[in-house]
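The structure appears below as structure tokens.
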Amino acid sequence: MKLLKFMSVSILASSLLLGATDVADKALKAGLKAIPADKAELAKLIDPNKVITPERVELGKKLYFEPRLSKSEIISCNTCHNLGIGGVDGVEAAVGHQWTANPHHLNSPTVYNAVFAQKQFWDGRSPDLEDQAKGPTLAAPEMAATPELIEKRVQSMPGYVEAFKKAYGDDVKIDFDTITKAIATFERTLVTPSRFDDFLNGKKDALTDAEKEGLNTFIDMGCAACHNGIALGGGMQKFPLVKPYKYANVGDFKGDKNGMVKVPTLRNITETAPYFHNGAIWSLKEAVQEMGRTQLGKDISDADAQKIVTFFNALTGRKPAIEYPQLPAITDKTPKPDFK
């Protein structure tokens, strides 16, 4: 009797393991990819040009949290991409200089795992983080600065001058391009491996049975057609594709010249509400159902939507430990804040 019981338990365990393997294989065949567990392999992905060093990352972190890069000296990169709340700001439309809401009612995407995206910005106009880092600092409704102002502010602080020399050498030119490259170097390290990655990397019990079922539903519904790759998004897709977007009248954003919109990453999605380019939906289940209707032409049931949301829990990643930096002191040469 004990032998039969042991055999039954063993068979059940084997079937569950086989099921996990089947779901993992299905996910990989659908184009989903894990963040590599191997550090060398990951480094090739996030640092193909070998620009990352501890000194540059530390400098980039300071600049990321530096409000004095903005015209008013009160807005930093972290204002809209807050690393403590999923890399976003938690509001529908980003708020910038003079408390101006984004004129197109655009929502701030998360900076976590942005290194894996093929394009940056909702209209995909930037090819990489280095180019993207330049935009918000200069945009009038965001940080509203100029390259000249940013350069003068940074160059006026001895603490930054020394940090740049330490990171880039004594002959470094502290200009706008180098400043934004340093920020991007820090952002390249903001990678959050999750239980989903553990699962695809071979740990079959990393997901619960309910999460595996949700992953299976996610694939069967066709969600992986756009939310794929390591970023589970990050490419460009026609939007809306099949039916009109329910909240298309919120803001005037229509995508790029071809109506293409960047597919947002699903990593840490439970932490990055509100959803869609205009932040019009706060419920993750509603977001799943609206995507099904708009992009797939499917009415996803409450039950199936909840299964997918359950899977999304496995995408919440392990964040890198980030200590808020102490920033250099100003001098008499540092340009003063301007609120106009």
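Between the Cα long axis of helix 176-187 and the first principal axis of the chain there is an angle of about 30°, rounded to the nearest 10.
Residue 61 sits among other residues whose Cβ lies under 12 Å from its own Cβ, and their net charge, with Lys and Arg +1 and Asp and Glu -1, is -2. Can you give me the angle between helix 302-312 and the longest principal axis of the chain, using Cα atoms only, in degrees from 0 to 90, rounded to the nearest 10? Once rounded, the angle reads 60 degrees. Most fluctuating residue of 222, 96, 84 in a GNM of the chain with Cα springs under 10 Å: which is it? Of 222, 96, 84, the Gaussian network model singles out 84 as fluctuating most. Each of 218, 45, 274 was scored by the projection of its Cα onto the charge dipole of the chain, and the greatest displacement toward the positive side belongs to 218; charges sit on the C-beta of Lys, Arg, Asp and Glu.
By count of other Cβ within 10 Å, fewest leading, how are 125, 56 ordered? Walk me through the intermediate numbers first.
Numbers: 125 13, 56 22.
Exposure proxy ranking, most exposed first: 125, 56.
Across the cross-link table entries 119/203; 204/307; 62/181; 33/181, which are compared at the Cα atoms, the separations over 21 Å belong to 119/203; 33/181.
Summing +1 for each Lys or Arg and -1 for each Asp or Glu among the other residues whose beta-carbon sits under 14 angstrom from that of residue 336 gives +3.
Compared with the dominant Cα axis of the chain, that is its longest principal axis, helix 209-221 is turned about 80°. When you filter the GluC sites (Glu not before Pro) in the stretch 248-330 for DSSP loop state and at most 12 other Cβ atoms inside 10 Å of their Cβ, you are left with 323. Take every DSSP beta bridge with both residues inside the chain and express the antiparallel ones as a percent of the total, to the nearest 5. If I count the DSSP bridges inside the chain, around 90 percent turn out antiparallel. Computed over the chain, the quotient of the alpha carbon radius of gyration and 2.2 N^0.38 Å is 1.11. Here's the list of aspartates and glutamates a cross-link from residue 238 could span, going by alpha-carbon distance under 12 Å and ignoring same-chain residues fewer than 8 apart: 123, 256. Mean sequence separation of contacting Cα pairs (under 8 Å, at least six apart), scaled by the length of the stretch 47-187, corresponds to a relative contact order of 31 percent.
Could you list the square roots of 5 times each eigenvalue of the Cα gyration tensor of the stretch 136-267, that is, the equivalent ellipsoid semi-axes, sorted largest first and rounded to whole Å? If you can, show how the numbers build up before the last one.
On the way: eigenvalues 315, 127, 23 Å².
Equivalent-ellipsoid dimensions as semi-axes: 40, 25, 11 Å.
Amide H contacts for residue 317 (H built 1.01 Å from N in the peptide plane; partners 5 or more residues away or on another chain; cut-off under 5 Å): 268. The spread of Cα positions in the stretch 97-170, taken along each principal axis and listed from longest to shortest, comes to 41, 32, 18 Å.
Given the -39500 (n - 2.57) contribution per DSSP H run of 4+ residues, what per-residue ellipticity at 222 nm results for the chain, rounded to the nearest 500 deg cm²/dmol?
On the way: 13 runs with 130 residues, N = 340.
Value at 222 nm, helices only, nearest 500: -11000 deg cm²/dmol.
Relative contact order (percent) for the chain, with alpha-carbon contacts under 8 angstrom and 6 or more residues of separation? Contact order relative to length: 25 percent.
Rule-based calculations on the coordinates, nothing more; no lab input. Source: prediction; values computed, not measured. All Cβ positions, even for glycine, are placed from backbone atoms using ideal geometry, and neighbour counts span all protein chains on display.
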